[in-house]
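Student: First the structure, then my questions, so here it is.
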Amino acid sequence: MKAQTTNGHAVHARAGRKVLAVASGGGHWIELVRLRPAFGDYDTVYVGVATPRPEEVGGSRVYVVNDATRWSRLALARLALRLLVILWKERPDVVVSTGAAPGCICVCAAKLMGARTVWIDSIANAEQLSLSGRLAGRFSDLWLTQWPDLARPGGPRFLGTVF
């Protein structure tokens, strides 16, 4: 399996620390790519459920995975296996996710592999934390919500919004 830039060329990792940025589609992906300036000069690799536009990822390597939900166990197992292979190959220092299933699986597995992890629950979850967020929060070094009312002393913390 080769990571590819959005122009289809295989690339090799640059020197330095590596961030693996993971999200499913829709709002989760939009929030994740809006965080791109925070990744600075880190070697950033994106994982999503659709091929992004080049300007979204700034020429970074991208892996496209299947999306899955808790109701499709076969798709969920396939997704988990694919994410484990990506984690093993990329060996990120930090995994950042805005959700949902791909991010949850990746954050949990990455923490068990020794990476630092960041979970940012989607801004769409205004009434309560997402199921993925509640699960991934236990494996996150930094667990964030985008709603002050959902912040708790044990986590998640509120530090602002992505939008």
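Student: Scan region 136-163 for residues that are in a loop (DSSP other than H, G, I, E, B) and β-branched (Val, Ile, Thr) and report the count.
Tutor: 2
Student: Any residue that is surrounded by 24 or more Cβ atoms within 10 Å (Cβ to Cβ) and in a helix (DSSP H, G or I) - is there at least one of those in region 115-125?
Tutor: There is no residue in region 115-125 that is surrounded by 24 or more Cβ atoms within 10 Å (Cβ to Cβ) and in a helix (DSSP H, G or I).
Student: Right, here's the next one. Please go through region 65-88 and give me each residue that is over 16 Å from the mean Cα position of the chain (by Cα) and polar (S, T, N, Q), ordered by number.
Tutor: 72, the sole residue that qualifies.
Student: Name every residue in region 105-114 that is more than 13 Å from the chain's Cα centre (by Cα) and not in a loop (DSSP other than H, G, I, E, B), in order of residue number.
Tutor: 112
Student: Here's a follow-up. Of all residues in region 80-104, which are over 11 Å from residue 20 (Cβ atoms) and either free of Cβ contacts under 8 Å to residues at least 60 places away in the same chain or outside any helix (DSSP H, G or I) (or both)?
Tutor: Those that are over 11 Å from residue 20 (Cβ atoms) and either free of Cβ contacts under 8 Å to residues at least 60 places away in the same chain or outside any helix (DSSP H, G or I) (or both): 80, 81, 82, 84, 88, 98, 99, 100, 104.
Values in this text are rule-based calculations from the coordinates and carry no lab data. Predicted model, so just to flag it, every value in this text is computed and none were measured. Don't worry about glycine lacking a Cβ; one is built from the backbone with ideal geometry, like all the others, and counts go over all protein chains shown.
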